[in-house]
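Accompanying notes for the structure given below.
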Amino acid sequence: MNNDRNIVITGFMGTGKTSVGRLVAEKLQRSFIDTDEEIVRRTGRTIPDIFAHEGESNFRHIERRMCRFLAAQRGYVIATGGGMLLDESNRAVMLASGLVICLNASPEAIIQRLKDDPTERPLFKGDWRLLLEKRREAYAAIPNQVDTSGKIPDEIAGEIVALWQQTVSV
Ligand code: S3P
């Protein structure tokens, strides 16, 4: 039986990881956790604050620990921060803990989703298109890819549930 494995949703900022993850959790009646929200809850600090005062490398250190902690849990739907699974060892840990799905979106769709989003993203303030290009290969290394452009979250969540059902039925 492998149906208590985690379902891990990753991908670039603005691909819909958090909203889709919540819906997947609802559909499968599982607990949902968003790694950034959990980091904020545990540290009592916002992500921009951690970036500004301790630097990105410290954020990545906290994120690495969070990754290992969550990978050791069972039965969660986890939405990762956009950079978490770029790290090869984080990726390996999550791949071993469950079904990992990478959400993809075009730059136009990303802009549409993030332009009115009040969440502060330090890396979205810089040259995010270049960042997306640089990360393309690492995201592509994730075995399950779901294209989100032009789709509503419920549709994407449905695709993920179908993928999940295929993996537990084999
Ligand atoms: C980051 C994405 C953010 C957050 C941090 C760094 C990244 O999460 O973890 O700002 O490196 O792509 P979202 O993808 O949820 O915006």
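The values are calculated or read from the model by the stated rules, or taken from the named source; none is laboratory data. All values derive from a computational prediction rather than experimental measurement. With ideal geometry, Cβ positions are generated from the backbone for all residues, glycine too; neighbour counts draw on all protein chains shown. For the accessible areas, the whole protein counts, side chains as well, though only heavy atoms, and no ligand, DNA or RNA atoms are used. Shrake-Rupley method; radii C 1.70, N 1.55, O 1.52, S 1.80 Å.
I'd like to know if segment 15-30 contains one or more residues that are without any contact (Cβ under 8 Å) to a residue 40 or more places away in the chain, in a helix (DSSP H, G or I), within 14 Å of the ligand (Cβ to nearest atom) and open to solvent by less than 50 Å² (accessible area, probe 1.4 Å). Checked segment 15-30: no residue is without any contact (Cβ under 8 Å) to a residue 40 or more places away in the chain, in a helix (DSSP H, G or I), within 14 Å of the ligand (Cβ to nearest atom) and open to solvent by less than 50 Å² (accessible area, probe 1.4 Å).
Go through the residues of segment 54-63 one by one and say whether even a single one is more than 14 Å from the ligand (Cβ to nearest atom) and free of Cβ contacts under 8 Å to residues at least 12 places away in the same chain.
Going through segment 54-63, the residues more than 14 Å from the ligand (Cβ to nearest atom) turn out to be none.
The answer is no, given that none of the residues of segment 54-63 is more than 14 Å from the ligand (Cβ to nearest atom) and free of Cβ contacts under 8 Å to residues at least 12 places away in the same chain.
Does Ile156 satisfy being of a type outside the set (D, E, K, R) and within 15 Å of the chain's Cα centre (by Cα)? So Ile156 fits the description; yes. Name every residue in segment 54-74 that is under 18 Å from Trp164 (Cβ atoms) and surrounded by 14 or more Cβ atoms within 10 Å (Cβ to Cβ), in order of residue number. Passing the criteria: Leu70, Ala71, Gln73. Condition check for Arg64 on (1) modelled with pLDDT under 95; (2) more than 25 Å from Glu159 (Cβ to Cβ): one failure, at (1).
A quick yes/no check of all residues on (1) in contact with a Pro (Cβ under 7 Å, 6 or more places away or on another chain); (2) hydroxyl-bearing (Ser, Thr, Tyr); (3) more than 20 Å from Glu56 (Cα to Cα):
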| residue | (1), (2), (3) |
| --- | --- |
| Leu86 | no, no, no |
| Leu99 | no, no, yes |
| Gln112 | no, no, yes |
| Thr119 | no, yes, no |
| Glu137 | no, no, yes |
| Ala157 | no, no, yes |
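Output the strands (runs of 3 or more DSSP E) that fall wholly within segment 70-170 and possess 3 or more residues being free of Cβ contacts under 8 Å to residues at least 12 places away in the same chain, or say none.
Numbers: elements: 76-79, 98-104, 144-147.
Fully inside segment 70-170 and qualifying: nothing.
Inside segment 145-162, residues that are under 18 Å from Asn6 (Cα atoms) and open to solvent by 40 Å² or more (accessible area, probe 1.4 Å) make up a count of 3.
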